[in-house]
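One structure below.
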Amino acid sequence: MIYCKDSLFITDDDFVKISSSAECVLNLSAKYFADKKALSGSIVVVSVNSNASAAESQLLKTMHKGKKYSIMVKNAFRRHANASHFREKAKNYLLILKKKFELMNHLGQLSGLPTWNPLAKAIVYYRLKKREKGSEIAKSFINDLRKYKILKSIAFIYNPLKEEVTSYSWTPYSDENCAGKCKSVYILDKCSNNSIKQLEAQREMFPLDLKGCPLITYAVISEPYVMPPERKVSSTMWNDAYEFQKGGEINLVKIVSQFTNMSLIIRMSEKQENWGEINPNGTATGGYGLLLNDSVDLIIGNIEVTRTIRKLFHPTVSYTQDEMTWCVSKARRAATWDNLIIIFQWSTWLATLMSILIMGLLFHYLHYRENRSTTKWPTNTILMTFCMLLGWAAKFNPKSSVFRMLIFIWLCFSLNMGISYESFLRSFLMHPRFEKQISSEADLIRSGIPLGGREIYRSYFETNNASSFYLYRKYNSTTFSEGIRRAALDRNFAVVSSRRQAEYMDQKLGKGAALMYCFHESNNLYKYGVVLLARKWFPMLERFDNIIRSVSENGLIDKWNKELFIHSISSDGTSAILPLSIQHLLGAFMLIGILYTVSIMVFIAEVVLGFLKHRKEIKVGIWNIRIP
C-alpha cells in the first residue's frame, strides 16, 4: 500500500512543469519503493481540500495518466472513518506536502490506521519555497519520520528555480549513528524533464555489520532460560546492567549480538520475576513498561505471547516449545510393613488359605482311615500341609495310591506357588512403591489441596466449565518460585508451571532426586512457543528471526537444554531402582517378631496350664488318699 499526503503545491498555472515534476515523483517512487516494484496495484492516498486548486487537479490528471494504480482522496485534518475491515499492512508510503508542518498531521492520521507499518518505505514530496535549503528540509522530514519509528525514508525535494526533483536519504546505522537523530543526508538522484540522473546508489540502511551498536535487553530470571547473573556491570550508563553467563536465552541473545556485531547490554530488575503487568488503558509496568517506552529492545525470560502482548509488542519467531501444566508433590512412599502380604491380591490369599484347609482336611481323612489309632483332630495334618506349601519338611506315611497322588499334586502346587511368590517378592522389593499419584485435574479437585500460580494464568480457568470454574475460584496468585517451592518442599500445593522450568527447579531443589510430579502431556493445560519479545516495529526483528531459525535448525537449542538438565528425571518420577535395604524387609521382621511373640505367649500359657493341671492332679491324689 502507498499512502500519499497532501497534494501540494503552488499557484503557478504552468501545467507542463507540474506534469514534469509529477512524472519524476512517480518514476523515482517506483525506483525506491519496497521490493523495487512499480506502483501497479498500489494505493495512493492524496489529501486535498474540497476546493482543490488547478495545479492540484492537473497533478491528479498527470498521475492518472501514469502507471496503473488506485487513488484515494483523503483529508488529514479530519478524523478517519473506521478502517478495521482492511488490515493489510502498508509496504510503501508517499506523502505529498504543501506545507512542512503538515507532515506530523499526516503521520498522526496514518499511525491510527490498521494498515500502519513503520517498517515500510516512506517518501515525502515537498516544493521548496524561497530561502529554503533542500538538505535541511530533508533532514527535518527524516527526523519527523523517525519520531514515528520510520527509518526507511527518502525526501523528494522539488526546486522550482532549477525545475528539478532531488531525492535525499540517510543511513540510520553507521560508524557515528545507531538509529539516532539524522545529522546528515546524501543525494541519490536528480530528475528534470522526466530524466533521472543517479548520483549515488542507495546505501544499506540496516547493514550486516552494525559496528557495536547497543542491543539493550531486559532479563527476567527464569531458570533454565535465564540463569542468575554472575556480577553487576559498572562500566555502562545503566545502573541495572549485569553480566550473565548461563541460560538458554542468554546464549541465544549472545549469538544474535555476535552475528550482527552489536554490543549486548543485559539489564535486570532487583524485583523478582518483574515481567510487569499490562493495564487495560495500554500502559505497562516492569519489563513490559520499559519495552513499551523503547528503553530496551528485547525482553527475555520464557515469554509466552498472549493476545494483549501481541498488540503492544512484536515477538520473535518461536525458537522452542514448552508446555503449561500442573505440577504437584510426588506421591509419598507407601508403607513397607505389608510388603510380604500385598504381593498377591486378597482373593489369591483367600484361595490359598481355602486350599490349605481343604487339602489338610482331605489328607487328615485319608491318614485317619489308614491309621485308626491317630487323633480325630486335623490340626497336625493342616500344619503339615502348610509346611509342604512353604517347602518345609512334612511327615506323612501314605499307603494308598490316591493319597500319594494327592500329595504329589499338592507338592507341585506348592512348588509353583513358592517360585511365584519368591519371584514377585524380589521384583517387588527392588522397586519402590508409592501412594496414588495426583495425575489429572479430577484427582486434583478431589484432593482439595491449595492450588495456584502466576496471576496471568488465572484467566485461563475463567470459563463456564464446572471444573475450570472450581479451579478459578480456588486459584491463589503467587510467584513462580514461591509456588514451585511449596509444591516441591512443603508438599501442600499444586502449581501451574512451565514444564521445563518445573523440571529444572525440581532437579535443583531435589539435587537430582524428583520431588514433584508434572501431569502427563495428555493432561497439559496447553502448549506454547517460547519467544524473545521485541519492542514494536523493531527494525532488526526480521534479521533476528533469521538468526534464531538458523540456531534452532543447527540443534544448538537442544544442546543447551541437555547441558542444563544433567540429571535425567523420569516422566512419572516413580520408576527409579533403589538398592535393597532393611526398610524393604520391615514387614518380614515385623511378622517374625509377631510370630515369636505369639509363640512365647503360647509357650507361657502351656506352662501355666500344665502347672495348674499338675497341682490339680496332686490335690486330687491327696484327697483320694484321705478318703479311705
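Here are the numbers for the structure shown:
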item	result
In region 393-427, the residues that are open to solvent by less than 50 Å² (accessible area, probe 1.4 Å), in contact (Cβ under 8 Å) with a residue 40 or more places away in the chain and under 60 Å from the mean Cα position of the chain (by Cα)	417, 425
Hits in region 445-459 (condition: part of a loop (DSSP other than H, G, I, E, B) and either over 26 Å from residue 279 (Cβ atoms) or without any contact (Cβ under 8 Å) to a residue 40 or more places away in the chain (or both))	448, 449, 450
Test: residue in region 157-164 that is closer than 17 Å to residue 135 by Cβ and touching a Gly at 6+ places or on another chain (Cβ under 8 Å)	yes
Filter result for residue 456 (closer than 25 Å to residue 291 by Cβ, of a type in the set (A, V, I, L, M) and in contact with a strand residue (DSSP E or B) (Cβ under 9 Å, 6 or more places away or on another chain))	yes
Test result for residue 264, within 30 Å of residue 563 (Cα to Cα) and in a strand (DSSP E or B)	yes
Residue within region 283-305 that is in contact with a strand residue (DSSP E or B) (Cβ under 6 Å, 6 or more places away or on another chain), among the small types (Gly, Ala, Ser), without any contact (Cβ under 8 Å) to a residue 60 or more places away in the chain and crowded, with 17+ Cβ neighbours inside 10 Å present	yes
Every pair of residues 6+ apart whose Cβ atoms lie under 6 Å, when the first sits in region 460-485 and is without any contact (Cβ under 8 Å) to a residue 40 or more places away in the chain while the second is among the basic types (Lys, Arg)	475/458
Any pair with Cβ under 7 angstrom, 6 or more apart, that starts in region 88-116 at a residue that is over 30 Å from residue 132 (Cα atoms) and at pLDDT below 85 and ends at one that is among the acidic types (Asp, Glu) and outside any loop (DSSP other than H, G, I, E, B)	none
Selection count where residues are more than 16 Å from the chain's Cα centre (by Cα), open to solvent by less than 60 Å² (accessible area, probe 1.4 Å) and not small (Gly, Ala, Ser), scope region 493-520	7
Which numbered condition residue 363 fails, given (1) farther than 13 Å from residue 406 by Cα; (2) at pLDDT 85 or above	(1)
Only listed residue being among the basic types (Lys, Arg), in a loop (DSSP other than H, G, I, E, B) and without any contact (Cβ under 8 Å) to a residue 40 or more places away in the chain, chosen from 162, 211	162
Any chance residue 263 is of a type in the set (S, T, N, Q), open to solvent by less than 20 Å² (accessible area, probe 1.4 Å) and more than 12 Å from residue 218 (Cα to Cα)	no
Unmet criterion (only one of (1) open to solvent by less than 70 Å² (accessible area, probe 1.4 Å); (2) of a type in the set (A, V, I, L, M); (3) within 60 Å of the chain's Cα centre (by Cα)) for residue 390	(1)
Any pair with Cβ under 7 angstrom, 6 or more apart, that starts in region 542-567 at a residue that is open to solvent by less than 30 Å² (accessible area, probe 1.4 Å) and ends at one that is at pLDDT below 90 and of a type in the set (A, V, I, L, M, F, W, C)	551/557
Residue in region 233-241 that is outside any loop (DSSP other than H, G, I, E, B) and either touching a residue at least 12 places away in the same chain (Cβ under 8 Å) or among the aliphatic types (A, V, I, L, M) (or both) present	yes
Conditions (1) in a helix (DSSP H, G or I); (2) out of contact with any strand residue (DSSP E or B) (no Cβ under 6 Å at 6 or more places or on another chain); (3) not polar (S, T, N, Q): number failed by residue 512	(1)
Counted residues, region 386-444 - those being part of a helix (DSSP H, G or I), closer than 30 Å to residue 327 by Cα and small (Gly, Ala, Ser)	2
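Conditions tested, residue by residue: (1) in contact with a Ser or Thr (Cβ under 7 Å, 6 or more places away or on another chain); (2) surrounded by fewer than 19 Cβ atoms within 10 Å (Cβ to Cβ); (3) more than 22 Å from residue 255 (Cα to Cα).
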{"site": "140", "(1), (2), (3)": "no, yes, yes"}
{"site": "166", "(1), (2), (3)": "no, no, yes"}
{"site": "178", "(1), (2), (3)": "no, yes, no"}
{"site": "182", "(1), (2), (3)": "no, no, yes"}
{"site": "219", "(1), (2), (3)": "no, no, no"}
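Residues are listed down the side, and each one gets a yes or a no for (1) on the phi > 0 side of the Ramachandran plot; (2) outside any helix (DSSP H, G or I); (3) touching a residue at least 24 places away in the same chain (Cβ under 8 Å):
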{"site": "141", "(1), (2), (3)": "no, no, yes"}
{"site": "146", "(1), (2), (3)": "no, no, yes"}
{"site": "151", "(1), (2), (3)": "no, yes, yes"}
{"site": "156", "(1), (2), (3)": "no, yes, yes"}
{"site": "166", "(1), (2), (3)": "no, yes, yes"}
{"site": "171", "(1), (2), (3)": "no, yes, yes"}
{"site": "175", "(1), (2), (3)": "no, yes, yes"}
{"site": "180", "(1), (2), (3)": "no, yes, no"}
{"site": "184", "(1), (2), (3)": "no, yes, yes"}
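The values are calculated or read from the model by the stated rules, or taken from the named source; none is laboratory data. Note that this is a predicted model, so its numbers are computed, not measured. Glycine gets a Cβ as well: all are built from the backbone with ideal geometry, and neighbour counts include every protein chain shown. The accessibility values were calculated without ligands, DNA or RNA, using every heavy atom of the protein model including side chains. Shrake-Rupley method; radii C 1.70, N 1.55, O 1.52, S 1.80 Å.
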